[in-house]
1. Return the pair list, or none, for Cβ contacts closer than 8 Å from residues in the range 200-229 that are over 20 Å from CYS306 (Cα atoms) and acidic (Asp, Glu) to residues that are assigned to a loop (DSSP other than H, G, I, E, B) and open to solvent by less than 40 Å² (accessible area, probe 1.4 Å), at least 6 apart or on different chains.
2. Among (1) surrounded by 24 or more Cβ atoms within 10 Å (Cβ to Cβ); (2) of a type in the set (Val, Ile, Thr); (3) over 25 Å from LEU167 (Cβ atoms), where does THR283 come up short?
3. Of the residues that sit in the range 338-363 and are among the hydrophobic types (A, V, I, L, M, F, W, C) and in contact with a strand residue (DSSP E or B) (Cβ under 7 Å, 6 or more places away or on another chain), which one is nearest to ASP319 (Cα to Cα)?
4. Answer yes or no: is there a residue in the range 169-182 that is on the phi > 0 side of the Ramachandran plot and within 20 Å of the chain's Cα centre (by Cα).
5. Condition first: of a type outside the set (Asp, Glu), surrounded by fewer than 22 Cβ atoms within 10 Å (Cβ to Cβ), under 24 Å from PHE273 (Cα atoms) and more than 21 Å from the chain's Cα centre (by Cα). Now tell me which residues in the range 298-336 satisfy that.
6. If I ask for residues that are touching a residue at least 40 places away in the same chain (Cβ under 8 Å) and open to solvent by 70 Å² or more (accessible area, probe 1.4 Å), which ones from the range 3-16 would you list?
7. From the list VAL261, VAL271, which residue is at pLDDT 95 or above, buried (at least 18 other Cβ atoms within 10 Å of the Cβ) and hydrophobic (A, V, I, L, M, F, W, C)?
8. Hey, does the range 162-173 have a residue that's in contact with a helix residue (DSSP H, G or I) (Cβ under 8 Å, 6 or more places away or on another chain), surrounded by 13 or more Cβ atoms within 10 Å (Cβ to Cβ) and within 22 Å of VAL246 (Cα to Cα)?
Amino acid sequence: MKTQEELRRIVGNFEIRDEILDVAPLGNGLINDTFIVKTSGKDNYVLQRINNAIFQDVELLQHNIDCVTRHIREKLVKAGESDIDRKVLTFLRVPATGKTYWTDGETYWRVSLFIKDAYTYETVDPKYSCFAGEAFGNFEAMLADIPDTLGETIPDFHNMELRARQLREAVAADPVGRMEDEEVKEILAELLVYEEEMTKAERMHREGILPKRICHCDTKVNNMMFDADGNILCVIDLDTVMPSFVFSDFGDFLRTAANTVAEDSPEIDKVDFRMDIFEAFATGYIRSAKVFLTPVEKENLPYAACLFPYMQAVRFFADYINGDVYYKIKYPEHNLVRTRNQLKLFRSALSKVPEMSSFIASL
């Protein structure tokens, strides 16, 4: 942990003219270390240590964020919006390099403007799910015509073909002998039944009928900010913004928000896919994304709702077979329980595809 004096020196590398009064921890993020920087002026700032073990190409990461925030800002200015600094993130540059990050060769840091009187919520109900759908759909819509080329900050992050290959490799290697278990064999057999259908996005892309968009790729309900009156201000946490299919933003939100229990709950009988959350999120999303969505993208949104629990089941299961080397576990069968949970959610979502398709067609 850096000392107060060390943190002040790091902040001093950025274009802050006011006196730094204090640097204190902010929030409880799992990836980056975050601090609030209080100054003698009217503005405060957010200091973050970028986790370059996860985001190994920091130059690309910050390039993506810089392009995205600049493009959104230009759109807001052109639309005559007011209070723009609260409606898009602002990252400060290092005068010595012109970059939006500073490094000592080992650690990487960035500073953004602290958005005043803004709030995030953890609530997952139809009201906030609709807000989330509208916010993330609007985020994609504003970036649909971005002229810059963005790269993948985490390559193949949501590539189902890759995840399927990784599962097959794990099964072939079976490093800790878990493929001898009958339940494990049954789970594998069920996952393989749906592999071809669940990998269709990559095939459609190669065939030229499914485009890649600039997506957020981490569509949690707490990744958007509201003002005191409940109006959406902006989408935050832009580290995973990159080219992907719209299914990433649509399906990933529903994987957690529409599950009736937590993803590692052992009460598998209580797992169900909530249609009220699906309908609310889809309503908000299509309301703002319809300006760019193609018919193929729209009609496959129910597929996206199934894809992400399936993908996560495959990832948890592969890690279990490999001996629990990727996800942190609290007990020996933790990843197997997670697999059962996500597989049940996948089955539930799959059973509701006709209902989902009918609802999507009505919007």
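The values are calculated or read from the model by the stated rules, or taken from the named source; none is laboratory data. Quick caveat, the model's predicted, so the values are computed rather than measured. Virtual Cβ from ideal backbone geometry, glycine too; neighbours counted across all protein chains shown. All accessible areas refer to the heavy atoms of the entire protein, side chains included, with ligands and DNA or RNA removed. Shrake-Rupley method; radii C 1.70, N 1.55, O 1.52, S 1.80 Å.
1. ASP227/ALA118
2. (1)
3. We begin by selecting, within the range 338-363, every residue among the hydrophobic types (A, V, I, L, M, F, W, C); these are 343, 345-346, 349-350, 353, 356, 359-361, 363.
Checking the rest, the ones that are also in contact with a strand residue (DSSP E or B) (Cβ under 7 Å, 6 or more places away or on another chain) come to 345, 349.
On the way: LEU345: 19, ALA349: 23 Å.
Within the range 338-363, the match that is nearest to ASP319 (Cα to Cα) is LEU345.
4. First, the residues of the range 169-182 that are on the phi > 0 side of the Ramachandran plot: 174, 177.
Among the residues that remain, those that are also within 20 Å of the chain's Cα centre (by Cα) are: none.
No, the conditions are met nowhere in the range 169-182.
5. HIS334
6. Residues of the range 3-16 that are touching a residue at least 40 places away in the same chain (Cβ under 8 Å), as a first pass: 7, 10-11, 13-16.
Listed by number, the list holds a single entry, GLU15.
7. Numbers: VAL261 fails: buried (at least 18 other Cβ atoms within 10 Å of the Cβ).
VAL271 is the lone residue from the list that is at pLDDT 95 or above, buried (at least 18 other Cβ atoms within 10 Å of the Cβ) and hydrophobic (A, V, I, L, M, F, W, C).
8. yes
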